[in-house]
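Laboratory data are not the source of any read-out in this text; all were calculated from the coordinates shown. In this text the structure is predicted, and so the values were computed from the model without any measurement. Using ideal geometry, Cβ is built from the backbone for each residue, glycine included, and neighbour counts are taken over all protein chains shown.
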């Protein structure tokens, strides 16, 4: 029993070290090439500014603000998130990656990278939008929670779909098509939650939990199936 | 107990769609042996090496990789060193960072040791994208050997290497083949001479 527990702890520590190594590698590459993050931030900045300039004189309802926030976050993030696996395939580094890492380590590291990137994009987009549109959520904690839970669900979906489409030809179009049924419920609930928080509604714990549970289900299934997706030739 | 590896392939075949790459490949190699795979271009040398590395699955047949008589069913990668022209390195990482990515040990001085051994000492901090193809090949070989793995799979190991690079490569293969299981896929007679036995895929496929 003790030996088993010890083995479990040791395996956990090794896994953690390898994940940190993989994450460091992805961050080095991302910040040296700055390909994805620059495009995403440029998209976020340009669309937020355009929306604020064109609707400056209009008094938009909170629901429309919520839709705009999520459309900007979604498309800014989509520019970069699917690339995390596709880049490994396109640059021919997937063999080097596979030969030195366990499939599970690759999945967890890519998921964490996508999650951090999504949060960075959200942290840039949301205050920028609130500032330019001169609005402030009535219930800030609810607003932040809805944006956080929605981002978590979207990053878990895009990581999994990125892994699936990386192994196919026609990657970009396939990504858009297969992401549709999974992203729709998440976006729909996130938009409703954000609108409610902007209007000062009470915290909708059930829907917040749904977004987290949805992420949990996607991550669990992906973790179990990732090995078969990644090793498919 | 000393680690003894054994690779047993029986009746392996590989198809991509309707086109068959090879069929009926059977062999057995163990630690302390060097095994060559040769054959003309397109005969499936690289594919066979990738199947052994666990990067591809055979269409038919069975491949068993055993350690001290027990089949390795998980974490195969931790027993294998692999270098192939099909394996691109991370262009935006430096020589040291690429080697460090592949390194699984604790003694980090070994990274510098292997970088110097393969003559990349003065290129250590350069990103892989600015290296020549010969220097990249040296870096691939470093990543294959840096963990002193029990199984070393080398696909065209001498490609793009100059005389000095080949000298180091041959010296290292002579050294590691005493204890490790080495498989070399190549058409270069000099590289094939390093091995005790092997297969010619041209004859197998005929």
Any chance you could give the angle, 0 to 90 degrees and rounded to 10, that helix A:205-230 forms with the longest Cα principal axis of chain A? 30 degrees
Provide Rg over Rh for the stretch B:5-205; use the alpha carbon set for both Rg and the Kirkwood Rh (inverse mean inverse pair distance). 0.96
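Counting other C-beta atoms within 10 Å, which of A:230, A:188 has the fewest, and how do the rest follow?
Going from least to most buried by this count: A:188, A:230.
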Averaged across orientations, what area in nm² does the convex hull of the alpha carbons in the protein assembly as shown project? 25.0 nm²
Take the Cβ-Cβ distance between residue A:144 and residue A:20 as r, set R0 to 35 Å, and report the resulting FRET efficiency rounded to the nearest 0.05. 0.80
To the nearest 10 degrees, the tilt of helix A:171-199 (Cα long axis) against the first principal axis of the alpha carbons of chain A is 50 degrees
Relative to the longest principal axis of chain A, what angle (0 to 90°, nearest 10) does the C-alpha long axis of helix A:140-166 take? 40 degrees
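Pull out the extension gain between residue A:120 and residue A:39, defined as 0.36 nm times the separation in residues minus the alpha carbon to alpha carbon distance; nm, one decimal. List each step's numbers first, then the result.
On the way: separation 81, 0.36 × 81 = 29.16 nm, distance 1.33 nm.
Taking residue A:120 through residue A:39 to full extension adds about 27.8 nm, to one decimal.
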Sorting A:113, A:75 on the 10 Å Cβ count, fewest up front, what's the list? A:75, A:113
Decide, for the stretch B:1-104, between rounded, prolate and oblate: order the square roots of the alpha carbon gyration tensor eigenvalues as a ≥ b ≥ c, take rounded if a/c falls under 1.5, and otherwise choose prolate if a/b is larger than b/c, else oblate. oblate
Give, in nm to one decimal, the length gained when the segment between residue B:3 and residue B:171 is fully stretched (0.36 nm per residue of separation minus the Cα-Cα distance). 58.2 nm
Relative contact order (%) - criterion: Cα under 8 Å, at least six apart; region: chain B: 32 percent
Ranking of A:96, B:101 by count of other Cβ atoms within 10 Å, fewest first: B:101, A:96
Report, in whole Å, the centroid distance computed from the Cα atoms of the stretch B:45-111 and the stretch A:24-59. 38 Å
Mind giving me the FRET efficiency for residue A:56 and residue A:91? R0 is 41 Å, r the Cβ-Cβ distance, nearest 0.05 is fine. 0.40
Net length gained if the chain between residue A:221 and residue A:67 were fully extended (0.36 nm per residue, minus Cα distance): 52.5 nm
Taking the Cα centre of each part, how many Å lie between the stretch A:111-151 and the stretch A:211-233? 25 Å
Here the percent of antiparallel bridges among DSSP beta bridges lying wholly in the protein assembly as shown, to the nearest 5, is 50 percent
In Å and whole numbers, how far do the C-alpha atoms of the stretch B:72-185 stretch along each principal axis, longest first? 38, 30, 26
Under a plain spin-label model, where a point goes 7 Å from the Cα along Cα-to-Cβ, how far apart in nm are residue B:16 and residue B:124? 4.0 nm
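Work out the FRET efficiency for residue B:193 and residue B:30 from their Cβ-Cβ distance, taking R0 = 22 Å, and round it to the nearest 0.05.
E(calc), rounded to 0.05, equals 0.65.
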